[in-house]
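Any read-out appearing in this document is the output of simple, stated calculations on the displayed coordinates, not a laboratory observation. Since the structure is predicted, the reported quantities are computational estimates derived from the model, not experimental observations. Please note: Cβ atoms are built from the backbone with ideal geometry, for glycine as well, and neighbour counts cover all protein chains shown.
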Amino acid sequence: MAFTVAIDGPAAAGKGTIARAVAARFGLAHLDTGLLYRATGRKVLDGAEPVAAAESLTPADLGAEGLRGPDVARAASEVAALPEVRRALVNFQRAFARREGGAVLDGRDIGTVICPEAEVKLFVTASDAERARRRHKELREAGHEVSMEEVLRDLQERDTRDSARSAAPLRPAADALVLDTSRMTIEEAVAAAVATVEEKRGKAG
């Protein structure tokens, strides 16, 4: 049976962590759709044309090294603003979402564009300051020398780009549960998401 959990939200709000935990808890396949755009951005940084880069993606590209770096993140946000790139990646995401056994997808437009029919829709957010703190810690632990001010500025620029783009802007679906993780522990945020999925699965089953 197909059962789709769509988890959207801005960078460093915790949607990836929640998505992985929900997928593990319910035995669902997981796709971090941001990796599609990061892998496309990586190819563009290497000299490829954006649409050609998106159309030529392979599963191996999603496991390439360096996809979490700040330069790739900026390139990903820039290519994601191109309608042609988004169209090139839509079918891959939709097929994954409706696979037998169910799936969890996290990204920016899963509940609004990719899977508006998803059984569960979450929009995970957090304050700018808290997201910057989390991302700064993540980047420093990965060996990137960046200041908190740089991280905050980069996040805010990405938020503006993602929210203002004409193609699939970042926003909660009308029927999404908004989960603000600013003052939540990881365990609390995951528990809230799991409770929502359990409720929806009960109704679906």
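Here the label points at ALA167 and ASP46, each 7 Å from Cα along the C-beta direction, are separated by 2.1 nm in the simple model.
Find the relative contact order for region 77-205 and round it to a whole percent, using C-alpha pairs within less than 8 Å whose residues are 6+ positions apart. Walk me through the intermediate numbers first.
Values: 108 pairs, mean separation 43.1, N = 129.
After rounding, I find 33 percent.
In region 1-157, Cα pairs under 8 Å separated by at least six residues give a relative contact order of 40 percent.
As a check on your grasp of the helix formula, calculate [θ] at 222 nm for the chain: sum -39500 (n - 2.57) over DSSP H runs of n ≥ 4, divide by the residue count, round to the nearest 500.
Numbers: 8 runs with 106 residues, N = 205.
Result for the chain: -16500 deg cm²/dmol, rounded to the nearest 500.
Springs between alpha-carbon pairs under 10 angstrom, Gaussian network model over the chain: which of VAL124, VAL72, VAL104 fluctuates most? Of VAL124, VAL72, VAL104, the Gaussian network model singles out VAL72 as fluctuating most. In the chain, the sites counted are GluC sites (Glu not before Pro) in DSSP loop states with at most 13 other Cβ atoms within 10 Å, and the longest stretch holding none of them, exclusive of the sites, is 1-64. Based on alpha-carbon centroids, what's the gap between region 57-132 and region 142-194 in Å, whole number please? Measuring centre to centre over Cα atoms gives 13 Å.
Computed about its Cα centre, the charge dipole of region 1-133 is approximately 280 debye, with only Lys, Arg, Asp and Glu carrying charge at their Cβ.
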